[in-house]
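Notes for the one structure printed next.
Readers should treat all values here as calculations from the given coordinates under stated rules, not as data from a laboratory. Keep in mind that this is a model prediction, so the values were computed, not measured. Because the Cβ atoms are built from the backbone with ideal geometry, glycine has one as well, and the counts that use them run over all protein chains shown.
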Amino acid sequence: MMNDKTLSKETILSLLTMEENEIFDIHIFDCVSSTNDVVKEMAMQNMKEGTVVIAKEQTLGRGRKGRSFYSPANTGLYMSILLRPVFTPQETTLLTPMTAVVVAEALEEICKKQIDIKWINDLLLNGKKICGILTEASIVSDGSGMEYVIIGIGINLSDPQNGFPLELSDIAGSVQINSSEQINQIVALILRKFKLYYLNFNKNDFFEKYKKRLFFLGKEIDIVSNNRVESATAVDINDSFHLIVKMSDGTFRELDSGEISIKPLF
Ligand code: BTN
């Protein structure tokens, strides 16, 4: 169990440079509904790009596709970053794989274990999901650009005291980080790397890093869409981070979203 000293704004800021201190406006809470929702409120109150909300617990943590994100107290890190990018909606979709690389690199540096990416944006350790990313955005009314973007990151730092709920016990894991020192370091590293990739945004900086972490290329997978399951082989990703798959009839398909699962090896 972590103690109350876990997250400290002062410690995080002390691990960052002066420039980084000016960019990030960090708010830490014990418990919120969803850090993405808190940041959305802040975005509508004109808070600046670089506003960061971190919580030790979420009562309404959200995942992709309307799912909930299990966010128990003190064993996870739930954070959201407010951006106001001068990006097209198309470019904005690349912020999610960029964040996957940022968080994978930060976690790897701290826990010294290899972190894989499950397309599109789940991070895995030893095949178990240890982090999910939810990007939400508001587009300006003529559709040409972004009003704001919220990058939500949920990391399972340690196993909940009584384990994960039954429905997650086979798929969820944690990075087994319990010390306050390491938790504050992770936040600082995520923010530092995020700034580096984001401020000089160029997908070539993170494309290969993303691709090399995809652990299922060349393997048999199941594609789950609209309640249908189809078998395919994961072949590659293209430079839009879409997944290229070879279907069992030999045709190729490009997937831009959806769910895949890796087939067991027997
Ligand atoms: C997923 O796995 O589908 C994405 C999960 C994203 C969870 C994070 S936790 C911080 C932020 N607040 C939320 O409600 N969701 C994201």
Straight-line reach check, K203, cutoff 13 Å on alpha carbons, 8 or more apart in-chain or any other chain, hits among aspartates and glutamates -> E91, D239
Build a GNM of the chain with springs between Cα atoms under 10 Å: which of E49, E19, E108 gets the top mean-square fluctuation? E19
Gaussian network model of the chain, Cα within-10 Å springs - most flexible of V102, V149, V245: V245
The long-range amide H neighbours of T51, using H built 1.01 Å from N in the peptide plane and a cut-off of under 5 Å, are D25, L82
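Take each of the peptides 25-38, 57-70, average the number of other beta-carbon atoms within 10 Å over its residues, and list them starting from the highest. Walk me through the numbers on the way to the answer.
Values: 25-38: 19.1, 57-70: 15.5.
Those peptides, ordered most packed to least, come out 25-38, 57-70.
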Which of the listed residues, P85, F24, I244, is farthest toward the dipole's positive end in the chain, when Lys, Arg count +1 and Asp, Glu count -1 at the beta-carbon? I244
Between I139, I186, I151, which gets the highest mean-square fluctuation from a Gaussian network model of the chain, Cα cutoff 10 Å? I139
Under a cut-off of 20 Å between alpha-carbon atoms, report the lysines in cross-link reach of K9, not counting same-chain residues fewer than 8 places apart. K48, K56, K193, K195
Sorted by chain and then number, the residues having a modelled amide H within less than 5 Å of the amide H of L124, at least 5 places away or on another chain, are D116, I117, K118, I130
The chain, dipole about Cα centre (Lys/Arg Cβ +1, Asp/Glu Cβ -1), debye to the nearest 20: 460 debye
Towards the positive end of the charge dipole of segment 140-236, with charges on Cβ (+1 Lys, Arg; -1 Asp, Glu), say which of I155, L166, L189 has the farthest Cα. L189
Work out the FRET efficiency for S240 and N162 from their Cβ-Cβ distance, taking R0 = 41 Å, and round it to the nearest 0.05. 0.50
Under a 5 Å amide H to amide H cut-off, with H placed in plane at 1.01 Å, what residues pair with V235 once short-range neighbours are removed? G218, I244, V245, K246
Might you report the magnitude of the Cβ-based charge dipole of segment 71-165 about its Cα centre, with Lys and Arg at +1 and Asp and Glu at -1, to the nearest 20 debye? 300 debye
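Students often get this wrong, so check it: of K112/K212; K118/K246; K40/K129, which have C-alpha atoms separated by over 22 Å? Could the numbers behind the result be given before it?
Details: K112/K212 17 Å; K118/K246 18 Å; K40/K129 26 Å.
Correct reply: K40/K129.
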